[in-house]
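Some notes on the structure that comes next.
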Amino acid sequence: MSGRASKPRDAGGHADLLVVNATQLVTAPSTPGGAPLTGGAFDRPVLLSDAAVACVDGRIAAVGPTADVLAAYPETRASAVVDARGLLAAPGFVDAHTHLPFAGTREMEFDARSRGETYASIAAKGGGIASSRRALAAIGEDDLARAVAVRLATLLAQGVTTVEAKSGYGLTWEGERKQLRALAAAAVAAPIEIVPTFLAAHAVPEEFRDRRDAYVASVVEEMIPAVAREGLARYCDVWCDAGAFSPEECRRILAAGARHGLPGKLHADELGDAGGARLAAEAGAVSADHLLHASDDGLRAMAEAGVVAVLLPGTAFTLGLPYARARDMVSHGLAVAVATDWNPGSTMSSSLSLAMTMAVTQMKLTPAEAWIAVTANAASAVGQGAVAGRIQPGYRADLSLFDVPDYRHVAYHYGHDHVRLVIARGAVAYQRGDESRCT
Ligand code: NIG
Ligand code: FE
């Protein structure tokens with residue numbers, strides 16, 4: 001690790017916040033431009049013991065052995081010091097795929113699936129995304145923004161400091177705009193970095209059922225230009241799948257997004273092999289997500305094109321689907337990230353640490369790979385690889401302290417809240433009151 005400050009030892013620099021004595025620190029190795037880790041490097045995080053981090057102006061100024069960091073940034077010149085003895089220090093989690101601005105919940109569908117219904121059969125009866133659309137239509141923008149703020153606080157308390165969040169329950173310009181504006185409003189007060197994504201191509205709305213071309217045209221000709229004009233999103237997402245949008249429809253929408261400065265993301269090949277992985281490569285998308293049924297050809301094309309694979313094990317877990325072939329993806333040279341997919345239908349979970357556990361036990365990532373998948377590689381999936389997902393000088397000072405002695409413990413001891421303290425943009429943003437430890 002680099003980052004030892006170059007200031008003379010007798011003077012020392014002022015830090016806004018110092019974290020000292022961390023029993024272990026885990027982070028991804030530095031790469032040119034913050035590129036994601038692939039192949040063998042994906043399994044090789046940087047581990048430090050008795051580590052410290054100095055934060056200045058919301059950025060990481062130094063990281064390394066406590067003695068070295070203190071020589072450059074003495075405690076006497078720091079505005080605040082956090083003693084992390086006994087704790088693990090890790091980069092703030094990056095949740096690279098959520099549907100955060102949703103309204104209402106769908107536990108009735110959870111019940112129905114327990115009785116034999118499927119995601120597709122429920123959607124065919126007017127439930128699924130259409131149900132969340134009705135709930136969204138009934139909520140005002142201010143109430144939605146308040147709901148988003150509560151969810152952001154929930155994520156922060158679990159160590160998330162960057163989150164991608166999609167629209168996709170409006171399916172009209174007014175509805176999509178309401179979702180994206182609610183996100184922007186909630187972002188103002190939140191210490192979390194929010195990456196908004198436009199996803200009108202999430203489902204064909206009922207009123208367009210017999211003229212889906214007209215819906216695609218309205219996304220391409222009206223909504224995407226308006227999103228760009230109002231600066232409401234950074235990415236344009238599409239669901240390329242059986243029962244959703246065809247590769248040809250998605251191609252048109254992704255091309256329109258690209259023309260308006262919104263790079264592509266895809267929900268791809270979740271319910272069947274629709275050729276979504278190949279389209280992601282062809283369209284130069286930043287990520288393709290789900291990929292439960294993606295073909296080897298498609299995965300190879302993604303690897304060549306540098307598209308990040310965002311895997312969402314919570315969705316397979318919730319719906320009883322096969323897990324994505326993570327090991328094959330790593331073998332193909334793909335950059336693999338893991339995210340929650342938090343949404344009220346297929347994955348009602350905000351827990352990235354639980355997603356890590358599923359990634360290890362069900363998709364056979366190693367605990368080391370799972371850490372990189374929810375930090376550095378997840379940051380790359382949302383265009384933040386050079387500023388987030390690593391404890392590295394110059395990066396945003398986003399880190400979490402976990403009440404565990406070893407980085408592997410977080411995914412290993414699942415279903416338990418290990419987060420003790422979260423630092424976002426260089427300031428303590430969350431602290432658990434209770435000091436009890438359960439290991
Ligand atoms: O990522 N796959 C499509 N969209 C969501 C589910 C949305 C919903 O059911 O509300 C997903 O799983
Ligand atoms: Fe999703």
* To do: Identify all residues within segment 315-342 that are within 16 Å of ligand 1 (Cβ to nearest atom) and under 13 Å from the mean Cα position of the chain (by Cα); write none if there are none.
  => Ala337, Val338, Ala339, Thr340, Asp341, Trp342
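Within segment 152-171, how many residues turn out to be outside any strand (DSSP E or B) and within 15 Å of ligand 1 (Cβ to nearest atom)? Steps first, please.
First, pick out the residues of segment 152-171 that are outside any strand (DSSP E or B): 152-159, 167-171.
Now narrow it down to the ones that are within 15 Å of ligand 1 (Cβ to nearest atom): 167-171.
Adding up the residues that qualify gives 5.
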* Structure fact -> In the set Leu152, Leu171, Leu136, the lone residue that is assigned by TED's automatic domain parsing to the domain that holds Ser351 and touching a His at 6+ places or on another chain (Cβ under 9 Å) is Leu171
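State yes or no: is Ala35 away from ligand 2 (no atom under 16 Å from the Cβ), more than 27 Å from the chain's Cα centre (by Cα), surrounded by fewer than 23 Cβ atoms within 10 Å (Cβ to Cβ) and not basic (Lys, Arg)?
On the way: away from ligand 2 (no atom under 16 Å from the Cβ): yes; more than 27 Å from the chain's Cα centre (by Cα): no; surrounded by fewer than 23 Cβ atoms within 10 Å (Cβ to Cβ): yes; not basic (Lys, Arg): yes.
In short, no.
Residue-by-condition table, conditions (1) over 25 Å from the mean Cα position of the chain (by Cα); (2) hydrophobic (A, V, I, L, M, F, W, C):
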{"residue": "Gly39", "(1), (2)": "no, no"}
{"residue": "Ser79", "(1), (2)": "yes, no"}
{"residue": "Leu88", "(1), (2)": "no, yes"}
{"residue": "His99", "(1), (2)": "no, no"}
{"residue": "Met108", "(1), (2)": "yes, yes"}
{"residue": "Gly116", "(1), (2)": "yes, no"}
* Can you pull out the strands (runs of 3 or more DSSP E) entirely within segment 58-97 that have at least 1 residues that are surrounded by fewer than 24 Cβ atoms within 10 Å (Cβ to Cβ) and touching a Ser or Thr at 6+ places or on another chain (Cβ under 9 Å)? -> 59-65
* **Checklist (1) surrounded by 20 or more Cβ atoms within 10 Å (Cβ to Cβ); (2) within 15 Å of ligand 1 (Cβ to nearest atom) applied to Met356, failing item** => (2)
* For segment 331-352, name all the residues that are away from ligand 2 (no atom under 16 Å from the Cβ) and surrounded by fewer than 24 Cβ atoms within 10 Å (Cβ to Cβ). => Ser331, His332, Gly333
* Could you tell me which residue of segment 90-147 is farthest from ligand 1 (Cβ to nearest atom), considering only residues that are closer than 21 Å to Leu354 by Cα and among the aliphatic types (A, V, I, L, M)? => Ala90
* Taking Leu399 as the residue in question, decide whether it is under 18 Å from Ala157 (Cβ atoms) and either touching a residue at least 60 places away in the same chain (Cβ under 8 Å) or of a type in the set (A, V, I, L, M) (or both). => yes
* Would you be able to say whether some residue in segment 119-130 is within 16 Å of ligand 2 (Cβ to nearest atom), hydrophobic (A, V, I, L, M, F, W, C) and assigned to a loop (DSSP other than H, G, I, E, B)? => no
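The values are calculated or read from the model by the stated rules, or taken from the named source; none is laboratory data. Computed from a prediction, not measured in an experiment: that's the story for all the values here. Neighbour counts run over all protein chains shown; Cβ positions are idealised from the backbone, glycine included.
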